[in-house]
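Nothing in this text is a laboratory measurement; each read-out follows from the coordinates by a stated rule. Keep in mind that this is a model prediction, so the values were computed, not measured.
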Amino acid sequence: MWRPLLVVTVVALAGCSGFLATGEASDARTTLTPAPVPEPTATPVELPRENGSVDLDRVIDRHEAALAERSFHRHVEREGPQNTRDVWIDRDGGVVRVRQTFGPLTDDAIVAGGVVYRSVRDDPERDYVTDESDGRIPYVFSASGAPRLRQVLDAEDYDRVGTVRRVGRPLAVVASNDTGVSRSGADPNQAVAVRSRIYVDRQGIVRGVEHWERRKDGTVVELRMRVRTGIDRVPIPWWAEDAAIYG
């Protein structure tokens, strides 16, 4: 479970996501990626629209559907490298792994062959425990992260601001940069300022998110996410090496 935080800030992993450069400062108000330069492409990245703006609900729906049958790795950061979550999905091998960190604490679990393997922190007699899988993925509401994206990216007036190329792939850039934003719901969860950028590929996959917002009570929330598809297999951690996850 994510622990409640008053202030949440995030630093992207340098050199891994392809969205931020090494050495950028941790203040989200100064590190959001500069406006992308439009890039001509033979096959444009199409985005659903509604009432003149990008239809973010449909963007997230398409993201969830596009990952439903793909192998991928999804990395999310809140409060920088001290508060992270990773999800690996190997569709062909039927292996799922979820690892989450909060400060020095790590929760790690693998689902394979109808069994859930969970790492054990402080037991010298064993490295993991097992249980029968109930079909759910440990620690997350969904593998794609769609519920979390819907929760965080609920500001209005997202629009396309250009196209960038990352790892040889054109990505549509969708952005919101609003002040005086009013959210549905009771105080203090109303956002008064939002700076958000979303990167979407031709398949509809949300490849990256850089989101910062300040709420009415002064709380700052930031979320960074990246998605990499086509992984060959889930990386098996040291604590599960003797479990023969891949046979």
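Before moving on, here are some points about what is shown:
- The range 62-119-the range 190-218 distance, computed between alpha-carbon centres (Å): 21 Å
- Overall form of the range 50-101 per C-alpha gyration tensor (a/c, 1.5; a/b vs b/c): oblate
- Cα gyration tensor shape for the range 121-180, rounded if a/c is under 1.5, else prolate or oblate: prolate
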